[in-house]
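One structure is given below, encoded as structure tokens.
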Amino acid sequence: MISDEIEKLKKEIWSSFEKIEDLSQLESFRIKYLGKKGKITSFLKLLKDLPLEEKKLLGKELNELKDELEERLREKEREILFKEEDKDLGLDLTLPGRSLSIGTLHPLTQIIDELCQIFSRLGFEVVTGPEIETEYYNFTALNIPDWHPARDMQATFYLKNGALLRTHTSPMQIRAMLERKPPLRIVAPGKVYRCDADIRHSPMFHQIEGLMVDRNVSFSDLKGVLIYFAKEVFGEKTKVRFRPSYFPFTEPSLEMDIECVICKGRGCRVCGSAGWLEILGAGMVHPEVFKAVNYDTEIWQGFAFGLGIERIAMIKYGIDDIRMFFENHLLFLQSFK
Amino acid sequence: MKIPISWLSEFIELKVSPEEVAEILTMGGVEVENIERPYENLGELIAVKILEVYKPEDLKDLAVCKVTDGKETFTVLTTAKEQVKPNLIVGFAKPESLTFGFEKVEIKSVKNYKSYGMFLSSYEAGISEEKEKLLILPENSSPGESIYKILGISEIVLDLAITPNRGDLLSIFGVARELHTLTSWELKPLNFEKSLSLGEKFPGKIEILDPDGCFRYAGRFFGKIKVKESPFYIQKRLWLCGLRPINNIVDITNYVLLELGQPLHAFDWRKIEGKTILVRSAYPKERLLMLDGIEREFTEEDLVIADAKKAMVLAGIMGGEETGVSETTEDIFLESAWFNPKRIRKSSQRHKITTESSYRFERNIDPEGVIWGLLRASELILKIAEAQTYSEVIDVYPKPFSSPKINLPTQKIVKYLGFSVPSEEVEKILNKVGETKKTDHGFQVVPFSYRQDLKIPEDLIEEIARIYGYERIPSTFPESILYCKGPSKKLEFERKLRDILKSLGFSKVITYSFIDPKSLEKLNLRKEDRRLNFIELANPLTSIQSVMRTSLIPGLIETACFNFFREINSLKIFEIGKVFFPTNNLLADEPLYLGILLMGNANKENWYENLRKFDIYDLKGYLESLFKTLRINIDFKPYSSEPFLKKGASFDLYLNGEKIGFAGEIKSLILKEFDLKTCVFVGEINLEILFEKFERIEKELTIKRPPKYPSTFRDVTCIIKKEIKIGEILDFVKTLSIPYLEKVKCIKIYEGPPIPEGEKSITIRFWYRAEDRTLKDEEVNDIQDAVAKSIFNKFSAKPR
């Protein structure tokens, strides 16, 4: 019986189908069963001599088999092709890739950016100004007349024409107030200069100055802003303390310390056994400073603060020699990626 | 200011440990920088045991002792021949240590004998006045241990950083008074016997001729004093405060200065001509040989103390050599004065002298302390210098000091501090700094005479906050209008620039703004070059940092050197910083510049490509990427006029016809001067001009929709003469106004066989695209044929 033959064929087909492992086996399988001289084709040819009913029935069966087989072969082919691509490509994947190296920003630039961002979030505008200054902006307008001993606090580089290299970013308080009308909030980062050179002092270093002038801004507000700043820079758990201090251009004046990041207040080489590290100076703007810019002290009051960028970087990264910042050793710079 | 705890305790009973006293002072605004133990600072002053004693014949006055410090055995020479014997344990100073007499101990040798340190007398150990006898320690002391530990002697000294406004804290008594203010511990008042204020008639005359320079001048005469060494306790206290003892009179003036903060000066009465003491401004060019051995010439702005004939003292600063107290002095005049702080400061700066005395006068002494100081010194002179007679106190005080009346409204305190300190606390605090009265709206305060730093209501607010405790004032956030401005466009531009360079692999450096003028010379600049017209510092620390930079290049080359000599063989750095040019006024022109530098290898050793050095196309490529990202069109014009660049590998950079910088390879001869044995490429750009352009472009920026229809390209490959620059061909192509041309690029250059010598083969690719349709092949072919023909004709090109 031809139908028995077909059953036999089916069995043969599916059992040898299972054995197909690669594309060449698949191709010979296709030729063997589906080719022009293939077994299914041959059976189909045999059908034409059969009675109509049977021809119809078996024809359908054979065509279905053919279709199914073709479908399965397509699947099989895809399966094999996928597998082919998983084979060993002869690559040594232990080799490093073709990498490109990205540069780094100087650590001081990074700290300045970070601080500017922190104060920008509080609505402080970032401003910059000249590094060569006059006595007036650097000292006199800041309530430091030329006979004032406070000038000893800042060893000054003078230029031959009588101008000077600014010893702090505080002249920016004066410049910013003259250029603007109150209320205002500014931070001014930049280079400053003092005649001093050892492992803790560089003749050129960086500061950032902050100034807020408003109707009711108070000493408590200053504390609040500085605490926010310290926590943003050194972490939420940072402990701070405020000590009275003296700057001619602020009254009251304060210095802020943070608990030593190295020893956590127990006392160590970095904090000199005190357990605290001095971070910044600040205070309420002195009325004489407001007088210098013609601000009415009956209406306006404000606070100002200033801090050394190198100091923050040295504390943050445990650097003990300030000169490293200006040697620009590539390996040093690259450690701040 | 050094404050020995033992001295401080004479004025105030310290109820806590020295560490806690330090904490109280620091948190009150008197920063304690250090808690010192001066005996420990001397070095290794230890017990040693004498093992053997020799008295060699060739050493006359010396004995040689073999001693042990418990670990080692060594020899010590001593003049105390008769006192040393075996088994004695004595005080000993190791080499490198200091003695109380400020002597540095060293290894010494006499003939063939070596002394590895010295035996100490009690005096040399700073324990008692006994100078002749060796310091013998108890028999059970262990060798090697500190003598101070064995004897249980310790002194603690607080080292205070006094802010310039608080001259009143530059004394032991002042610090005691401040502690009293901060803690309310009881202050022991200064008391003087009544009789001390009286005396015989003053045998001379005192006059203030310059009342602007001297506000108060007091003094008295002492007769038949004995100038000699001070008693040990005075010497020790001076030593604890870092001063050297000289003789009893000088030591007493220093002692009172330290104790009460009142500077004093003692004159040899014999040397005062006409027994007249005048406080006057110096005569022009008046000269005086001063105690430091330097003769100085004064101006009329200097204040001097003079006698009938000559200047004797630069007032408040330093005395003259001639009229000072010496061994032979018998009678003295003792001065206690209050000089104008501004005048003292100016003189002290003019003559570059700072003394304990000028330091205090500059910072305001207590006008009332003038007399206390004089009385305290009198007490000591009578006791210690055994004065036989003394005169009345002369006190020339033309305009007695009165403190300002400061009105402090309560509401101002609250507004300023953002917090209301309880009224009774405020009153209590204000009473500590001055005479305080309640008024309708607050308080009226007349500060005590020693608090001349208190002038305005804000000063009092600080006192309230400080004494109440900064820590006890709450912290809040300011209330303000929301409006605020972000960083300026220029800062944003700078940020963008450095972010681009960073992603191109450059590291940002920061070099000093002051440079060595020689480094500019090394650049071989022409005489008239603007960069040689630099701004000079008047007081540089060193010649290598003595002028303000006019270019970033020297700093970048220095950085390259620093790295090169530290085995960095590939460097890509940039700096954004100001350079400084003089102007007609005080302020400088400070344009912001960008400098970049490439040094050495363009890549690192790796498995996929060969090592190669940077070349000019790397530099040009980086700059092109930078400008492209900024959307600024910069012309790279060969060749640069910069004399330090290799002409054949350099460009001047132009923006709309204006030169904004340069780029190129540094000449080998110049690198040689820096000992740099590698290649260096640099570029410098004036960012001020670049920024202006950038700002305009940013404003005008519009974005095009990406093309809809495909492009097609055609190549022209030909052989041309080697000298012909690709740029010339591309410039020529521009003149042809070719339709649909999108871009043109040279994609291949080849020299060498089979191309004949002196010629090169090039391939130029043309991309065509229409906006509204797909171009037909024939169309493009026609255009391209014409283009190729023009190029072949123009450049006498041959087909490949």
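Computed from the coordinates by the stated procedures, all read-outs in this text should not be read as laboratory data. Since we're looking at a predicted model, the values are computed, not measured. Quick reminder, even Gly has a Cβ in these numbers, built from the backbone with ideal geometry, and neighbours come from all protein chains shown.
The table below gives the values:
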read-out: Summed residue charge, Cβ within 13 Å of B:Lys49's Cβ, Lys/Arg positive, Asp/Glu negative; value: -2
read-out: Cysteines, chain A, no other Cys beta-carbon under 4.7 Å; value: A:Cys116, A:Cys195
read-out: Whole-number percent relative contact order across chain B, with pairs defined as alpha carbons under 8 Å at least 6 apart; value: 8
read-out: Net charge dipole size for the range B:242-373 [Lys, Arg +1 and Asp, Glu -1 on Cβ; Debye, nearest 20]; value: 560
read-out: Positive-end residue of B:Ser423, B:Ile107, B:Gly648, charge dipole of the protein assembly as shown with Cβ unit charges; value: B:Gly648
read-out: Exposed chymotrypsin sites (Phe, Trp or Tyr not before Pro) absent - longest run of chain B, DSSP non-H/G/I/E/B, at most 11 other C-beta within 10 Å; value: B:103-482
read-out: Unsatisfied cross-links (Cα-Cα over 32 Å) in the set B:Lys15/B:Lys149; B:Lys490/B:Lys704; A:Lys316/B:Lys455; B:Lys455/B:Lys578; B:Lys236/B:Lys399; B:Lys85/B:Lys111; value: A:Lys316/B:Lys455; B:Lys455/B:Lys578; B:Lys236/B:Lys399
read-out: Hits among aspartates and glutamates - C-alpha to C-alpha of B:Lys518 under 20 Å, sequence gap 8 or more where chains match; value: A:Glu327, B:Glu528, B:Asp529, B:Glu536, B:Glu558, B:Glu642, B:Glu673, B:Asp675, B:Glu684
read-out: GluC sites (Glu not before Pro) restricted to the range A:22-91 and DSSP loop, no more than 16 other C-beta within 10 Å; value: A:Glu85
read-out: Inter-part distance where the range A:111-129 and the range B:323-401 are each reduced to a Cα centre, Å; value: 52
read-out: Sequence-separation-based contact order of the range A:275-337, relative, with Cα cut under 8 Å and 6+ spacing, percent; value: 30
read-out: Cβ-placed point charges (K, R +1; D, E -1), dipole of the range B:406-472 about Cα centre in debye, nearest 20; value: 60
read-out: D (Stokes-Einstein, µm²/s), Kirkwood Cα radius, the range B:194-396, 1.306 mPa s at 10 °C; value: 95
read-out: Per-residue [θ]222 nm for chain A (sum of -39500 (n - 2.57) over DSSP H runs n ≥ 4, rounded to 500); value: -12500 deg cm²/dmol
read-out: For B:501-508, mean number of other protein chain Cβ atoms within 10 Å; value: 6
read-out: Separation of the B:Ser488 and A:Leu34 label points, Cα + 7 Å toward Cβ, nm; value: 7.5
read-out: Residue list for the range B:573-611, given a label point 7 angstrom along the Cα-to-Cβ vector of B:Glu698 and an amide N cut-off under 20 Å; value: B:576-578, B:591-595
read-out: Size of electric dipole in the protein assembly as shown: Cβ of Lys, Arg +1 and of Asp, Glu -1, about Cα centre, debye, nearest 20; value: 3020
read-out: Packing rank of A:310-320, A:13-23, where each peptide gets the mean count of other beta carbons within 10 Å, highest leading; value: A:310-320, A:13-23
read-out: Dipole-positive endmost among B:Phe792, B:Gly752, B:Val780 within the range B:744-800 (Cβ charges, Cα centre); value: B:Gly752
read-out: Average other protein chain Cβ within 10 Å of Cβ, residues B:356-365; value: 1
read-out: Cα centroid separation, the range B:158-217 to the range A:223-252 (Å); value: 35
read-out: For chain B, calculated [θ]222 nm from helices alone, where every DSSP H run of n ≥ 4 adds -39500 (n - 2.57); value: -8000 deg cm²/dmol
read-out: Shielding score for B:414-420, defined as the mean number of other chain Cβ atoms within 10 Å; value: 5
read-out: Over 19 Å between alpha carbons, listed pairs A:Lys32/A:Lys83; B:Lys60/B:Lys131; B:Lys721/B:Lys794; B:Lys188/B:Lys437; value: A:Lys32/A:Lys83; B:Lys60/B:Lys131; B:Lys188/B:Lys437
read-out: Bridge type composition, the range B:194-396 - antiparallel percent by DSSP, nearest 5; value: 85
read-out: Gap separating the Cα centres of the range B:547-622 and the range B:270-301, nearest whole Å; value: 58
read-out: Trypsin sites (Lys or Arg not before Pro) restricted to DSSP loop in the range A:253-298 with at most 10 other C-beta within 10 Å; value: A:Arg269
read-out: By average C-beta atoms within 10 angstrom, highest first, the peptides B:782-790, A:156-164; value: A:156-164, B:782-790
read-out: At most 16 other Cβ within 10 Å, DSSP loop - GluC sites (Glu not before Pro), the range A:102-193; value: none
read-out: Selection from A:Met314, A:Ile118, A:Cys268 lying farthest towards where the dipole of the range A:107-335 points positive, charges on Cβ; value: A:Cys268
